[in-house]
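Here the structure is laid out as structure tokens; the discussion comes afterwards.
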Amino acid sequence: MKIFAGEKGAALPLALAVMLIVSLLAAALWQYSMTENIQVEKEKKKLQAHYLARAGANAAIAAWLEAPFNDKPVQIGEPAKLYLAGDGTFTGSPENAAGEVEIYVEPDETEEGIVHITATGRVDGVESKVTATSAPYVDGAEWEPPLYDKSTGLITPGTVTYSATVDGRKKTVYAHEPVEGAVKFINSDSQRPLHIQSNTCVELASNAMEFKSPVDLVQTGDRDTGALFLKAEYISFKSSIAVEDYSYWWFGSHYYYGTIILKVPDGLGVDGREIGGQAGSRYGMVFFDDAYIWEMGLLGFEVRHDLHMENKAYYFKSRPDGIDLIRWHRGEYTEGIDYIEIEDQDAASLPQGSGLFYWSRD
């Protein structure tokens, strides 16, 4: 085949242009890859700094609680910057600080006796800050109006109502007014676990909640749908919890659905970027001792299945409809976005038995 000089001359600039475009694309891809690597590394350091800050705050809380009333690390009314030394004690010098965790203790400006402990973790210039606030540790049965009845274990409905969808069914939720601080629930006067009225939805709200008695959401009547909405930044189940998802269609439709739905107070919780979650979303924390679900088994009989949450802790995402434990069990939520397992529980949880501090807004 003959190639004329004019055609050959035209092909050369075209080849150069193609080479230039390929080079530019390769450079762009390389730049994108480098940017992604830098971002991933930064997020990794951010997560490390977050856990470092949590650990520092926990150490500060423990030291604060152990110190005599008249000999606290920082006296009320005298805020000061402190640093955590390698031996776990406080020091005023940053030269002896362990892990670059800076602790700052200050009194509340509006309420006497309340303190805020702030810890800042730093890793290679990337930092994360968390704050724990002391609060009265109230018994929900002694609140006014009472959140539950110690003699029966019944969690009482609140007086504020709103509509919500539970398992596809529209329900009225009876909500209590939020409690500022930490609330404990312990049913020492009754043989029954903590429970709600069958076919009823109740919402409890506070900064932190600790359930020291079993919680049972099993429904007692046919075609009943019940739910316990828990709205808090920190929720701890120190004993077992039971939910129920049982339905059958013999001689008509029959179902029993009783669940726990986790929610985060508006604007509170941990920023998703701090924990490797979804940016722009807030997360609460939940701790399980033991959890199981009643479902249909062989031959239609109701049987108990383990939720495999024993001694586990999670961050859970703030969603308008909350995080339903049964839907979680069904796999309807996305791991890493809607819930994140907390591997370092010592760094993320509050000291056992303290009950005097809750995580406040970052």
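The values are calculated or read from the model by the stated rules, or taken from the named source; none is laboratory data. What you are looking at is a predicted structure, and each value in this text was computed from that prediction instead of being measured. Cβ atoms come from the backbone with ideal geometry, glycine included; neighbour counts cover every protein chain shown. Just so you know, the surface numbers come from the protein's heavy atoms only, side chains and all, with ligands and any DNA or RNA stripped out. Shrake-Rupley method; radii C 1.70, N 1.55, O 1.52, S 1.80 Å.
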Counting other Cβ atoms within 10 Å, which chymotrypsin sites (Phe, Trp or Tyr not before Pro) in the range 241-327 have at most 14 and lie in a DSSP loop? Trp249, Trp250, Phe251, Phe301
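Any of Lys44/Lys184; Lys46/Lys171; Lys171/Lys317; Lys42/Lys231 with alpha carbons more than 30 Å apart? Name them for me.
Working: Lys44/Lys184 35 Å; Lys46/Lys171 41 Å; Lys171/Lys317 22 Å; Lys42/Lys231 32 Å.
Cα-Cα > 30 Å for Lys44/Lys184; Lys46/Lys171; Lys42/Lys231; rest within.
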Note down the accessible area of Lys238, probe 1.4 Å, to the nearest 10 Å². 70
For Glu302 and Arg319 in one chain, what is 0.36 nm times their gap in residues minus the Cα-Cα distance, to one decimal in nm? 3.1 nm
Can you give the FRET efficiency to the nearest 0.05 for Glu144 and Arg330, using r as the Cβ-Cβ distance and R₀ = 35 Å? 0.35
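Please state the charge dipole magnitude for the range 137-354, taken about the Cα centre, from unit charges on C-beta atoms (+1 on K and R, -1 on D and E), reported in debye and rounded to the nearest 20. Please report the intermediate quantities before stating the final value.
On the way: 19 positive and 34 negative charges, 100 e Å.
Roughly 480 debye for the range 137-354.
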Which whole-number value in Å³ per residue fits the convex hull of the alpha carbons of the range 117-211? 155
Placing one identical point scatterer on every Cα of the range 137-354 and ignoring solvent, what is log10 I(q)/I(0) from the Debye formula at q = 0.09, 0.13, 0.16, 0.18 Å⁻¹? -0.34, -0.72, -1.11, -1.42
Amide H of Arg319: which non-local residues (sequence gap of 5 or more, or other chain) have their own amide H closer than 5 Å, using H built in the peptide plane? Val264
